[in-house]
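Inspection log for the structure reproduced underneath, given as structure tokens.
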Amino acid sequence: MNDWMDAEHHVERAHELYDAGRWDEAETELRRALFLNPYQAEWHFNLGLTLEAAGRHADAASAFERCFELHSAESDRDANSALLVGVNLLRSGQPEAAIRWLDRAGEIEPMSVAPFVHRVEALGEIGRLDEAEEAFYLGQQIDPDHAELYASMAHVLSLKGDHERSVWCLREAARLDPDLPRVRARLARAYAESGRLERARQLYVRELREDPGDADTLLDLGELLMDMHRLTEAGEKFRRVLEIEPDHPDAHHLLGELAEREGRTADALVQYDVVLRLDPAYPGARRRLAKVMLDRGREEDLPRVRDLLRRELREAAAEAKAGAEEFEELGRLMLDAGVPADAIKAYRELLARQPGNHRGHHGMSVALLEVGRTTDGIEEARRALALQPRFVPAMHNLALAHLREHRWVRARYWVRQALRIESDDPALRRLRLKLRLHSVFGVVTWAANWTARGCRRVWAVVGRPVRPRA
């Protein structure tokens, strides 16, 4: 009985702490209650809500899943718990796992539109855009005027590049529910993606009039102002965010980008360093810091640059969602930093994700040639040309590789091919001049050798000793 009363006391205390926004303490109280009685589904549900509010979505999904299991054991399947498992898995970057739980929630309550709202978003995240659109129409059959359903579909249309329909969906969402969170900000982003930047700016300003302290909207407006080349105003928005949240890594990162654009290298380095101190796993921060240090061109920066790039490569390789563009930039930076062996690893990761990326094969070719693997480098350059027959950099590399191997005829062939496409390329013209000088030198050498041989023969006849007569 005492344990039961103690557990109830912990739960009541957790409710008070949750209402006060003290989520870490609320979590502690709930875990104490669950230690005393781990079979209360409602307490697991409350723990999930607390973790969700704290932004710990993967842990929240586990708590909601435990709540669902306890309800299932009582033959009382809980659609809401299944839905929240799916939503939190989606927020934690696990859209495929989220879809399974959203489908389960839909099976339990087939007339609920909520699973379709999040299913549209999850399918969009993994690139199954046509299926996402089908899910939208299925949701419409249940509730044709559901604002969040339109908002989710707008995101999918944006991913498809259909920005006009995305704008229309968000306008419908705003009409159906003017109080939908950040609906004007999302509509502003859609206008910006469609090229109507001034209209987007006006909507962001309207959103900020109602909520001047919304950090996300301030950051979005700042990024838009950067695109509009209004850099001073953009900096004001980012600094406003830091006044509200001094440790906001996104604001520091964007101030770093702004400093880069304005040529303030020292300020950019400071901002990116702050980002890494606040969040060592911040996407791309090491890569940006390494790029700025390379652009500064100081020899003493190279050891740190190489360390940053290697750590970024390890983390990106372990990240399932890492994109091919990240590895392409990493490979290029590693070549600039003088570590072609590591660049090979970066390009290998790129080609594992996009085997048909001709720039990846070209980068691999450069790295292989720089470590002395000429044959492999030639093969990768040929693969790049098989994918993109008019790719001049690969032709240039092939010419250089054959030049290194003293295959003069093949080198001349690739220089001619490249110059037919880029006749004014200075690097190719220098290479052509080098090959012509080699040809001239070869002719002169041959002529000199032929003359020398002729002279030797003449001398052999003229300078032959006269034999004594008998």
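Since every read-out is calculated from the coordinates, none of them should be taken as a lab result. Note that the coordinates shown come from a computational prediction; the quantities given were computed from them, not determined experimentally. Neighbour counts are summed over all protein chains in view; Cβ atoms, including those assigned to glycine, are modelled from backbone coordinates with ideal geometry.
All alpha carbon pair distances within segment 308-375 were sorted into 10 Å bins beginning at 0; the resulting P(r) in whole percents reads 24, 56, 19, 1.
The GluC sites (Glu not before Pro) of segment 239-274 that meet both conditions, a loop assignment by DSSP and at most 15 other Cβ atoms within 10 Å of the site Cβ, are E262. In segment 99-148, the ratio of gyration radius to Kirkwood radius, Rg to Rh, stands at 0.94 when only Cα atoms are counted.
For segment 1-69, the gyration tensor built on C-alpha atoms gives an oblate shape. Its axis ratio a/c (a ≥ b ≥ c) is at least 1.5, and a/b is not larger than b/c.
The HN-Hα couplings worked out from phi for segment 407-420 by the Karplus form 6.51 cos²θ - 1.76 cosθ + 1.60 (θ = phi - 60°) are 9, 5, 5, 5, 4, 4, 4, 6, 5, 4, 4, 5, 5, 5 Hz, whole numbers, x standing for Gly and Pro.
In plain terms, the residue of Y413, Y204 with the fewest other Cβ atoms within 10 Å comes first and the most crowded comes last, giving Y413, Y204.
Mind checking which aspartates and glutamates have their C-alpha under 17 Å from K434, skipping anything on the same chain fewer than 8 residues away? Qualifying aspartates and glutamates at Cα under 17 Å: E405, D424, D425.
Shape class of segment 54-113 from the Cα gyration tensor (axes a ≥ b ≥ c, square roots of the eigenvalues): oblate, since a/c reaches 1.5 or more and a/b does not exceed b/c.
Contact order for segment 235-292, expressed relative to its length and based on alpha carbon pairs under 8 Å spaced 6+ residues apart, stands at 29 percent.
Exposure proxy for M364, M5, M228: other Cβ atoms within 10 Å of each Cβ, ordered fewest to most, give M5, M228, M364. Listed values [x] 17, 36, 27, 15, 5, 0; [y] 22, 47, 25, 5, 0; [z] 17, 40, 28, 9, 4, 2, 0, 0 include one computed from this model; for P(r) over Cα pairs in 20 Å bins from 0, in percent that value carries the label [z]. Remark: segment 162-173, residue by residue, has Karplus-estimated 3J(HN,Hα) of 8, 6, 5, 5, 4, 4, 4, 4, 6, 5, 5, 4 Hz, where x stands for each Gly or Pro and the curve is 6.51 cos²θ - 1.76 cosθ + 1.60 at θ = phi - 60°. Between R430 and D279, the simple label model (points 7 Å from Cα in the Cβ direction) yields a spacing of 4.2 nm. Helix 147-159 and the long axis of the chain differ in direction by around 0°, with both axes built from C-alpha atoms.
Given a Förster distance of 25 Å, report the FRET efficiency between R353 and D295 from their Cβ-Cβ distance, rounded to the nearest 0.05. Plugging the Cβ-Cβ distance into 1/(1 + (r/R0)^6) gives 0.40.
Against the chain, whose longest principal axis comes from its Cα atoms, helix 95-108 is set at around 30 degrees. Would you give the gap between the C-alpha center of segment 1-57 and the C-alpha center of segment 143-216, rounded to a whole Å? With segment 1-57 and segment 143-216 each reduced to a Cα centre, they are spaced 36 Å.
Where in segment 41-63 does the amide nitrogen come within less than 16 Å of the point 7 Å from the Cα of D247, taken along Cα to Cβ? Answer for segment 41-63: 54-56. Here the extension length gained between M228 and E109 equals 38.2 nm, from 0.36 nm per residue of separation less the Cα-Cα distance.
To the nearest Å, what is the center-to-center distance of segment 80-130 and segment 270-315, using C-alpha atoms only? One Cα centre to the other: 36 Å.
Relative to the longest principal axis of the C-alpha atoms of the chain, give the angle of the C-alpha long axis of helix 57-73, reported between 0 and 90° and rounded to the nearest 10°. Taking Cα atoms only, the helix is inclined about 50 degrees. Multiplying the residue separation of T375 and R311 by 0.36 nm and subtracting their alpha-carbon distance yields 20.1 nm. Taking each residue as 0.36 nm, the span from A386 to R31 lengthens on full extension beyond its C-alpha to C-alpha distance by 121.8 nm. Neighbour counts of C-beta atoms inside 10 Å place K434, K345, K237 in the sequence K434, K345, K237, starting with the fewest.
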